[in-house]
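Undergrad: The structure under discussion is supplied below as C-alpha coordinates; questions concerning it will follow.
The values are calculated or read from the model by the stated rules, or taken from the named source; none is laboratory data. None of these values were measured; they are calculated from a predicted model. Cβ: placed from backbone, ideal geometry, glycine included. Neighbour counts: every protein chain shown. Calculation scope for accessible area: heavy atoms of the full protein, side chains included, ligands and nucleic acids excluded. Shrake-Rupley method; radii C 1.70, N 1.55, O 1.52, S 1.80 Å.
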Amino acid sequence: MSTTIAENIATVQAHIAEACARAQRDPSQITLVAVSKKKPAQDILEAIAAGVQHFGENRVEESNEKIPQVQATTGVPITWHMVGHIQSRKSKEVPGLFDKVHSVDSVKLAHRLSSAVQSSDAAQNLAPLDVFIQINISGEERKSGFDAFNWQAQDAVKAQLWQDFRTITQLPGLNVLGLMTMAPIVDDMETTRPVFRALATLREALAEDFEHPLPELSMGMTDDYPVAIEEGATVVRIGRAIFGERQP
Ligand SMILES: *Cc1c(COP(=O)(O)O)cnc(C)c1O
(Lines give C-alpha, C1' and ligand atoms only; values in the text may rest on other atoms or scores of the structure.)
Protein backbone atom coordinates (compact mmCIF):
# COMPACT_ATOMS: atom_id res chain seq x y z
CA MET A 1 0.00 0.00 0.00
CA SER A 2 1.31 3.42 -0.82
CA THR A 3 1.76 6.02 1.85
CA THR A 4 1.23 9.77 1.70
CA ILE A 5 4.01 12.33 1.62
CA ALA A 6 2.97 13.47 5.11
CA GLU A 7 3.22 9.89 6.42
CA ASN A 8 6.61 9.44 4.79
CA ILE A 9 7.90 12.63 6.39
CA ALA A 10 6.71 11.46 9.81
CA THR A 11 8.53 8.15 9.28
CA VAL A 12 11.76 9.89 8.23
CA GLN A 13 11.55 12.25 11.21
CA ALA A 14 11.09 9.27 13.53
CA HIS A 15 14.17 7.58 12.04
CA ILE A 16 16.14 10.80 12.43
CA ALA A 17 15.10 10.96 16.09
CA GLU A 18 16.12 7.32 16.63
CA ALA A 19 19.53 7.86 15.04
CA CYS A 20 20.02 10.97 17.18
CA ALA A 21 19.14 9.00 20.29
CA ARG A 22 21.72 6.33 19.43
CA ALA A 23 24.36 9.02 18.90
CA GLN A 24 23.25 11.14 21.86
CA ARG A 25 22.53 14.07 19.59
CA ASP A 26 19.69 16.57 19.64
CA PRO A 27 17.34 16.14 16.62
CA SER A 28 17.06 19.94 16.40
CA GLN A 29 20.68 19.89 15.16
CA ILE A 30 19.62 18.07 11.98
CA THR A 31 18.15 19.86 8.98
CA LEU A 32 15.95 17.68 6.80
CA VAL A 33 16.21 18.74 3.16
CA ALA A 34 13.46 17.11 1.09
CA VAL A 35 14.94 16.46 -2.35
CA SER A 36 12.06 17.13 -4.74
CA LYS A 37 13.90 16.76 -8.07
CA LYS A 38 11.69 15.33 -10.83
CA LYS A 39 8.63 15.78 -8.60
CA PRO A 40 5.85 18.31 -9.27
CA ALA A 41 5.27 21.53 -7.32
CA GLN A 42 2.15 19.91 -5.87
CA ASP A 43 4.31 17.36 -4.02
CA ILE A 44 6.42 20.16 -2.58
CA LEU A 45 3.28 21.93 -1.35
CA GLU A 46 2.17 18.71 0.34
CA ALA A 47 5.51 18.45 2.10
CA ILE A 48 5.26 22.10 3.16
CA ALA A 49 1.83 21.38 4.63
CA ALA A 50 3.48 18.57 6.61
CA GLY A 51 6.00 21.04 8.03
CA VAL A 52 9.07 20.78 5.77
CA GLN A 53 10.71 24.11 4.92
CA HIS A 54 13.92 22.98 3.18
CA PHE A 55 13.87 21.61 -0.36
CA GLY A 56 16.62 20.33 -2.60
CA GLU A 57 16.71 20.41 -6.41
CA ASN A 58 19.41 19.35 -8.83
CA ARG A 59 18.64 21.13 -12.10
CA VAL A 60 18.53 24.85 -12.78
CA GLU A 61 16.02 24.52 -15.66
CA GLU A 62 13.56 22.55 -13.56
CA SER A 63 13.97 24.90 -10.60
CA ASN A 64 13.36 27.95 -12.79
CA GLU A 65 9.83 26.65 -13.24
CA LYS A 66 9.08 24.97 -9.94
CA ILE A 67 10.47 27.42 -7.40
CA PRO A 68 8.33 30.37 -8.59
CA GLN A 69 5.27 28.08 -8.74
CA VAL A 70 5.76 27.04 -5.15
CA GLN A 71 6.62 30.54 -3.94
CA ALA A 72 3.48 31.94 -5.55
CA THR A 73 1.31 29.45 -3.68
CA THR A 74 2.77 29.17 -0.20
CA GLY A 75 3.18 31.83 2.45
CA VAL A 76 5.74 29.71 4.27
CA PRO A 77 9.37 30.86 3.94
CA ILE A 78 11.24 28.13 2.11
CA THR A 79 14.98 27.56 1.96
CA TRP A 80 16.04 26.22 -1.45
CA HIS A 81 19.10 23.98 -1.69
CA MET A 82 20.94 23.22 -4.92
CA VAL A 83 22.33 19.70 -4.59
CA GLY A 84 23.24 18.76 -8.17
CA HIS A 85 26.18 19.41 -10.45
CA ILE A 86 25.97 22.92 -11.94
CA GLN A 87 26.91 23.46 -15.57
CA SER A 88 29.10 26.51 -16.10
CA ARG A 89 26.60 28.26 -18.34
CA LYS A 90 23.89 27.86 -15.70
CA SER A 91 25.91 29.09 -12.74
CA LYS A 92 24.84 32.73 -13.19
CA GLU A 93 21.22 31.85 -12.40
CA VAL A 94 21.97 29.95 -9.22
CA PRO A 95 22.40 32.71 -6.61
CA GLY A 96 19.04 34.27 -7.50
CA LEU A 97 17.21 30.95 -7.26
CA PHE A 98 18.85 29.13 -4.38
CA ASP A 99 19.77 29.97 -0.79
CA LYS A 100 22.39 27.25 -0.39
CA VAL A 101 24.55 25.27 -2.80
CA HIS A 102 25.76 21.83 -1.67
CA SER A 103 27.55 20.99 -4.89
CA VAL A 104 30.55 23.29 -5.21
CA ASP A 105 32.71 20.69 -6.92
CA SER A 106 35.42 22.79 -8.58
CA VAL A 107 37.36 26.00 -8.06
CA LYS A 108 36.06 27.17 -11.43
CA LEU A 109 32.46 26.84 -10.29
CA ALA A 110 33.26 28.65 -7.03
CA HIS A 111 34.70 31.56 -9.05
CA ARG A 112 31.61 31.67 -11.24
CA LEU A 113 29.23 31.64 -8.28
CA SER A 114 31.27 34.33 -6.56
CA SER A 115 31.08 36.54 -9.67
CA ALA A 116 27.37 35.88 -10.04
CA VAL A 117 26.70 37.05 -6.49
CA GLN A 118 28.85 40.15 -6.93
CA SER A 119 27.45 41.15 -10.30
CA SER A 120 23.84 40.78 -9.23
CA ASP A 121 22.14 44.11 -9.79
CA ALA A 122 21.20 46.38 -6.94
CA ALA A 123 17.53 45.45 -7.25
CA GLN A 124 18.34 41.84 -6.46
CA ASN A 125 20.85 42.79 -3.79
CA LEU A 126 21.93 39.23 -3.18
CA ALA A 127 23.34 38.20 0.16
CA PRO A 128 26.47 36.06 0.26
CA LEU A 129 25.66 32.57 -0.98
CA ASP A 130 25.92 29.75 1.55
CA VAL A 131 27.92 26.91 0.05
CA PHE A 132 29.18 23.45 0.86
CA ILE A 133 32.31 22.09 -0.72
CA GLN A 134 31.54 18.74 -2.31
CA ILE A 135 34.10 16.09 -1.48
CA ASN A 136 34.77 12.80 -3.21
CA ILE A 137 36.02 10.97 -0.17
CA SER A 138 35.33 7.41 -1.31
CA GLY A 139 37.62 7.74 -4.31
CA GLU A 140 35.05 6.48 -6.79
CA GLU A 141 35.94 7.41 -10.33
CA ARG A 142 33.53 9.67 -12.17
CA LYS A 143 32.09 10.99 -8.94
CA SER A 144 31.89 14.78 -8.61
CA GLY A 145 33.73 16.61 -5.91
CA PHE A 146 37.21 17.49 -4.75
CA ASP A 147 39.41 14.45 -4.44
CA ALA A 148 40.03 13.63 -0.80
CA PHE A 149 40.49 9.88 -1.03
CA ASN A 150 43.02 8.79 1.56
CA TRP A 151 44.05 12.41 2.13
CA GLN A 152 45.76 11.63 5.44
CA ALA A 153 48.26 9.33 3.72
CA GLN A 154 48.55 11.15 0.39
CA ASP A 155 50.49 14.41 0.77
CA ALA A 156 49.74 15.54 -2.77
CA VAL A 157 46.00 15.00 -2.33
CA LYS A 158 46.02 16.93 0.90
CA ALA A 159 48.14 19.78 -0.52
CA GLN A 160 45.81 20.22 -3.49
CA LEU A 161 42.70 20.11 -1.35
CA TRP A 162 44.12 22.60 1.17
CA GLN A 163 45.08 24.96 -1.66
CA ASP A 164 41.61 24.75 -3.23
CA PHE A 165 39.92 25.23 0.13
CA ARG A 166 41.98 28.36 0.75
CA THR A 167 41.09 29.77 -2.67
CA ILE A 168 37.37 29.15 -2.26
CA THR A 169 37.11 30.50 1.27
CA GLN A 170 38.78 33.73 0.14
CA LEU A 171 36.29 34.39 -2.66
CA PRO A 172 33.92 37.30 -2.00
CA GLY A 173 30.21 36.55 -2.01
CA LEU A 174 30.55 32.97 -0.80
CA ASN A 175 30.03 31.78 2.73
CA VAL A 176 31.54 28.31 3.14
CA LEU A 177 29.37 26.48 5.67
CA GLY A 178 30.86 23.04 5.48
CA LEU A 179 31.40 19.89 3.47
CA MET A 180 29.10 17.65 1.46
CA THR A 181 29.55 14.13 0.19
CA MET A 182 27.64 11.30 -1.44
CA ALA A 183 28.43 7.81 -0.19
CA PRO A 184 28.77 4.93 -2.62
CA ILE A 185 25.56 3.06 -3.39
CA VAL A 186 25.72 -0.18 -1.45
CA ASP A 187 23.29 -2.79 -0.15
CA ASP A 188 24.26 -2.52 3.49
CA MET A 189 24.25 1.05 4.81
CA GLU A 190 26.79 0.09 7.46
CA THR A 191 29.36 -0.04 4.62
CA THR A 192 29.02 3.74 4.27
CA ARG A 193 30.07 4.48 7.84
CA PRO A 194 33.82 4.90 7.12
CA VAL A 195 33.01 7.37 4.33
CA PHE A 196 30.91 9.55 6.61
CA ARG A 197 33.43 9.28 9.40
CA ALA A 198 36.21 10.34 7.03
CA LEU A 199 34.25 13.43 5.98
CA ALA A 200 33.76 14.40 9.63
CA THR A 201 37.50 13.99 10.26
CA LEU A 202 38.31 16.08 7.20
CA ARG A 203 35.99 18.83 8.36
CA GLU A 204 37.75 18.97 11.72
CA ALA A 205 41.18 19.13 10.10
CA LEU A 206 40.20 21.96 7.72
CA ALA A 207 38.40 23.92 10.42
CA GLU A 208 41.44 23.69 12.65
CA ASP A 209 44.13 24.41 10.06
CA PHE A 210 42.28 27.40 8.58
CA GLU A 211 40.62 28.55 11.78
CA HIS A 212 37.48 28.62 9.69
CA PRO A 213 34.31 27.42 11.37
CA LEU A 214 32.67 24.70 9.29
CA PRO A 215 29.47 24.04 11.17
CA GLU A 216 27.72 21.92 8.55
CA LEU A 217 28.16 18.39 7.24
CA SER A 218 25.73 17.56 4.42
CA MET A 219 25.67 13.78 4.18
CA GLY A 220 23.05 11.05 4.17
CA MET A 221 20.34 10.17 1.63
CA THR A 222 17.39 7.75 1.62
CA ASP A 223 19.54 4.62 1.82
CA ASP A 224 22.05 5.74 4.44
CA TYR A 225 20.90 8.78 6.48
CA PRO A 226 20.70 7.01 9.88
CA VAL A 227 24.39 6.11 9.67
CA ALA A 228 25.28 9.60 8.42
CA ILE A 229 23.54 11.11 11.45
CA GLU A 230 25.38 8.77 13.79
CA GLU A 231 28.63 10.03 12.20
CA GLY A 232 27.81 13.72 12.58
CA ALA A 233 25.63 14.85 9.66
CA THR A 234 23.92 18.19 10.29
CA VAL A 235 22.02 18.14 6.99
CA VAL A 236 20.42 15.08 5.39
CA ARG A 237 19.17 15.20 1.80
CA ILE A 238 16.26 12.83 1.35
CA GLY A 239 14.26 12.24 -1.81
CA ARG A 240 12.73 8.81 -2.35
CA ALA A 241 11.85 8.11 1.29
CA ILE A 242 9.63 11.21 1.17
CA PHE A 243 8.36 11.51 -2.40
CA GLY A 244 8.61 7.91 -3.61
CA GLU A 245 10.64 6.51 -6.48
CA ARG A 246 11.55 8.88 -9.32
CA GLN A 247 10.92 8.23 -13.01
CA PRO A 248 14.26 7.30 -14.56
C1 LIG B 1 18.86 12.79 -5.58
C2 LIG B 1 19.81 13.27 -4.55
C3 LIG B 1 19.55 13.08 -3.20
C4 LIG B 1 18.36 12.31 -2.68
O5 LIG B 1 18.50 10.96 -3.00
P6 LIG B 1 17.49 9.84 -2.44
O7 LIG B 1 18.25 8.59 -2.58
O8 LIG B 1 16.27 9.93 -3.29
O9 LIG B 1 17.20 10.18 -1.03
C10 LIG B 1 20.47 13.59 -2.29
N11 LIG B 1 21.57 14.25 -2.68
C12 LIG B 1 21.84 14.46 -3.97
C13 LIG B 1 23.08 15.19 -4.33
C14 LIG B 1 20.98 13.97 -4.95
O15 LIG B 1 21.28 14.17 -6.25
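Undergrad: How do ASP155, ASP187 rank by accessible surface area computed with a 1.4 Å probe, from largest to smallest?
TA: ASP187, ASP155
Undergrad: Which of the lysines could be linked to LYS38 by a straight reach, that is with a Cα gap under 25 Å, when you skip same-chain ones fewer than 8 residues away?
TA: List returned: LYS66, LYS90, LYS92, LYS100, LYS143.
Undergrad: Still on this structure: If amide hydrogens are placed 1.01 Å from N in the peptide plane, which non-local residues have theirs closer than 5 Å to the one on SER103?
TA: Under 5 Å from the amide H of SER103: PHE132.
Undergrad: Note down the nm distance, to one decimal, between modelled labels 7 Å out along Cα→Cβ at THR191 and at GLN163.
TA: Inter-label distance under the simple model: 3.4 nm.
Undergrad: How much FRET efficiency would the formula 1/(1 + (r/R0)^6) give for GLN87 and GLU18, where r is the Cβ-Cβ distance and R0 is 30 Å, rounded to 0.05?
TA: For R0 = 30 Å, the calculated efficiency reads 0.20.
Undergrad: Per residue, how much accessible surface does region 81-160 expose to a 1.4 Å probe? Answer in Å², no decimals. Intermediate values should be presented prior to the final figure.
TA: Values: 4140 Å² over 80 residues.
Computed with neighbouring chains in place, this is 52 Å² per residue.
Undergrad: Normalised by the residues of the chain, what does the relative contact order come to in percent, with Cα pairs under 8 Å and at least six apart?
TA: 20 percent
Undergrad: For region 89-248, with all protein chains present and a 1.4 Å probe, just round the carbon and sulfur fraction of the accessible area to a whole percent.
TA: Taking all protein chains in place, region 89-248 shows 46 percent carbon and sulfur surface.
Undergrad: List every DSSP H helix in the chain whose Cα atoms extend 18 Å or more along the helix's own long axis and whose mean Kyte-Doolittle hydropathy is at least 0.5.
TA: 5-23
Undergrad: Something else now. Quick check: with the 1.4 Å probe, what order do ARG25, ARG197, ARG237 take by accessible area, largest first?
TA: Most to least solvent-accessible, the answer reads ARG197, ARG25, ARG237.
Undergrad: Here's another thing I want to ask about it. Note down the accessible area of GLU65, probe 1.4 Å, to the nearest 10 Å².
TA: Roll a 1.4 Å probe over it and GLU65 shows about 130 Å².
Undergrad: What does the accessible area of ARG246 come to, in Å² to the nearest 10, when a probe of 1.4 Å is used?
TA: Spelled out: ARG246, probe radius 1.4 Å, area about 70 Å².
Undergrad: With no solvent and one equal point scatterer placed on each C-alpha of the chain, evaluate the Debye formula and give log10 I(q)/I(0) for q = 0.08, 0.10, 0.15 Å⁻¹, two decimals.
TA: Here log10 of I(q) over I(0) equals -0.30, -0.47, -1.09.
Undergrad: Hey, what do the phi angles of region 217-232 turn into as Karplus ³J(HN,Hα) couplings, whole Hz, using 6.51/-1.76/1.60 and θ = phi - 60°, x for Gly and Pro?
TA: Once rounded to whole Hz, the list reads 10, 9, 7, x, 10, 3, 7, 9, 5, x, 5, 4, 5, 4, 9, x.
Undergrad: Under a 5 Å amide H to amide H cut-off, with H placed in plane at 1.01 Å, what residues pair with ALA183 once short-range neighbours are removed?
TA: Amide H neighbours of ALA183, under 5 Å, 5+ apart: GLY220.
Undergrad: Another question about this same structure. Under the classification rounded if a/c is under 1.5, otherwise prolate if a/b is larger than b/c and oblate if not, where does region 1-114 fall, given a ≥ b ≥ c as square roots of the Cα gyration tensor eigenvalues?
TA: Values: a/c = 2.33, a/b = 1.40, b/c = 1.66.
It comes out oblate by the Cα gyration axes.
Undergrad: So for region 1-145, averaging the separation of alpha carbon pairs under 8 Å that are six or more residues apart and normalising by length, what relative contact order in percent results?
TA: It comes to 16 percent, rounded to a whole number.
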